[in-house]
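One structure is given here, and the rest of the page talks about it.
The values are calculated or read from the model by the stated rules, or taken from the named source; none is laboratory data. These figures come from a predicted structure and were not determined experimentally. Neighbour counts run over all protein chains shown; Cβ positions are idealised from the backbone, glycine included. Note: areas computed on protein heavy atoms with side chains; ligands, DNA, RNA excluded. Shrake-Rupley method; radii C 1.70, N 1.55, O 1.52, S 1.80 Å.
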Amino acid sequence: MKTSVFLEKLQEELEEDETLTVETNLKSLESYDSISLLSVIAFVDENFNKKVDTKHFKDIETVSDLMNAIGKENFED
C-alpha cells in the first residue's frame, strides 16, 4: 500500500481532522483513545491481513511506529 493512501485511510479511521504524517504522535491526537485503538487494530487486520498484538500498542507512539509494527515491506513511497 502506498504510504500516502495508508495515511489517508488511517486519518479516516480515526476520524481525525488533522492531516497525519509518519511523524504524527498518535497519543497526542484528541481522537486517539481505547475505542480508536480497537479501530486501528481492525483496520490493520482488514487491510494487511496481519494481527498486531495489543501488547505492542503500548510501545507505538507515532504513525511510523505503527507502520514498523505492520511491517515496512507492506508500504511503498
For Val63 the rounded accessible area (nearest 10 Å², probe 1.4 Å, non-protein molecules ignored) is 0 Å²
Portion, in percent, of the accessible area of the chain that falls on carbon or sulfur, probe 1.4 Å: 46 percent
Just from its helices, what would the mean residue ellipticity at 222 nm be for the chain, if runs of 4 or more DSSP H residues each count -39500 (n - 2.57) and the sum is divided by every residue, rounded to the nearest 500 deg cm²/dmol? -13500 deg cm²/dmol
If you project the alpha carbons of region 3-74 onto the principal axes, what extent comes out on each, in Å, largest first? 26, 24, 19
Counting only protein heavy atoms and rolling a 1.4 Å probe, one gets per residue an accessible area for the chain in Å² of 64 Å²
Alpha-carbon centroids, region 37-77 and region 2-24: separation in whole Å: 13 Å
Find me the longest stretch of the chain that has none of the exposed GluC sites (Glu not before Pro), where exposed means in a DSSP loop (not H, G, I, E or B) with at most 13 other Cβ atoms within 10 Å. 31-77
